[in-house]
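Structure first, then comments.
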Amino acid sequence: MEKEKREGHIRIFCLGVSETFGFYESKDKEWPSQLGVMYRDRFPRVEVINASVVGLNLKRKKDYVEKYLLPLRPDIVIILQAYLIYFKELMRGGRRKHSVNKMIRKKGRHLKEEGDQKWVVYILNKIRTVGDTLPSLEGVIERCLGKQWSTRLHLWRLRRRIRKKEKKHLLHKKPMEEVPENMILEFERDLRLFVHYLKENHIVPVLSTYPALITPINKDIHKHILLATRLTYCIELSEEGVLDATQKANDAVRRIARDENLFFIDNDHLIPKTLEYFGDNFHYTDKGSEFIAKSFYDLLNQHPLIK
């Protein structure tokens, strides 16, 4: 991309997080790339740039745009705002007032697990002590267990890792079943302030809800993905808490879009909630990225800048 924008060109910046970088997609199939290809032939004066930064806090997005994007003269910024890490940082930030380094109690009793399942894990752990001598043997044994046992084993391992992480971060408190209202309000306020900042700099904000695979309807079908979401993004929230966060954060996005009269697409509502479109809870397959790119393409084609 040239730093100087050509006369008459329109620059669209995509501002998401890791879902823009192709975790599961084939090469050049992440949604910003697919969106760029859609414009290349029909609207060659439209440039699509992936300006996403993994781990960029919503509270710091204004600083990032001011330092790195404003000099590139963006016309439109597409905002796909993740929320779980935002809530996690708020929760942990409050606890930093207290010491988190004090000794925690000795290992509590393990949750009851079925004897056969424990035996399988015991054998696999013994195999690991061999080191790299038999690197493929563990996989062979797991394949021999069959799909049902392999799934149960995977869930057991996830729960074990979750218990370990809960001990470290929750300090023997229970995970939250819902996101506190004050955190939803803070999320909404910060996102609204960022939208105002873009408008003040003559940039068109385009807002979308943040798509997630897991819903109250399919949560049992994709149990392992829901557990992995907790483990990866926000151990402070229970499984129900993760679902609550999805609903409330996306409701906040909908309110902002309505109140600010923004160009908006409800991708979380529109995208099919299947593994044909999702690789995990938040990352897409080729088909999922194509769906997201096409939704933005159809929406932006209605904007006067592109018509």
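Quick note: the coordinates plus some simple rules give every number you see, no bench work behind them. All figures in this text were calculated on a predicted structure; none of them were measured in a lab. Using ideal geometry, Cβ is built from the backbone for each residue, glycine included, and neighbour counts are taken over all protein chains shown.
Here are the numbers for this structure:
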{"item": "Principal axes of the stretch 161-307: Cα extent on each, largest first, Å", "result": "55, 35, 22"}
{"item": "q = 0.14, 0.27 Å⁻¹, the stretch 199-261: log10 I(q)/I(0) [Debye, one scatterer per Cα]", "result": "-0.51, -1.14"}
{"item": "Extension gain from Phe23 to Thr215, taking 0.36 nm per residue of separation minus the Cα-Cα distance", "result": "67.0 nm"}
{"item": "Reach of Lys5 by Cα under 13 Å, taken over aspartates and glutamates that are not fewer than 8 positions away in the same chain", "result": "Glu47, Asp75"}
{"item": "Rh (Kirkwood; distinct C-alpha pairs) - the stretch 1-68, Å", "result": "13.3 Å"}
{"item": "Where labels lie 7 Å past Cα in the beta-carbon direction, separation of Gln247 and Leu185 in nm", "result": "2.1 nm"}
{"item": "Stretch gain in nm, segment Arg45-His224, where the contour uses 0.36 nm per residue and the Cα spacing is subtracted", "result": "60.0 nm"}
{"item": "The stretch 159-202 residues near the modelled Glu89 label - backbone nitrogen below 17 Å, point 7 Å along Cα→Cβ", "result": "183-195"}
{"item": "Burial ranking of peptide ranges 39-46, 86-93, 10-17 (average Cβ count within 10 Å, highest at the top)", "result": "10-17, 86-93, 39-46"}
{"item": "Unit Cα scatterers, Debye sum, the stretch 1-40: log10 I(q)/I(0) for q = 0.27, 0.32 Å⁻¹", "result": "-1.00, -1.14"}
{"item": "Computed FRET value (nearest 0.05) for Tyr197 with Lys287, which takes r as the C-beta separation and R₀ as 35 Å", "result": "0.55"}
{"item": "Sites Leu275 and Gln302, calculated FRET efficiency, Cβ-Cβ separation with R0 45 Å, nearest 0.05", "result": "0.90"}
{"item": "Distance-filtered residues of the stretch 166-193 - backbone nitrogen under 18 Å, label point 7 angstrom along Lys62 Cα→Cβ", "result": "185-193"}
{"item": "When each of Lys62/Lys248; Lys88/Lys167; Lys3/Lys307 is checked by Cα-Cα distance, pairs over 20 Å", "result": "Lys62/Lys248; Lys3/Lys307"}
{"item": "For the stretch 1-76 and the stretch 256-307, distance of Cα centres in Å", "result": "15 Å"}
{"item": "Pairwise Cα inverse-distance average, inverted: Kirkwood Rh of the stretch 258-306 (Å)", "result": "12.0 Å"}
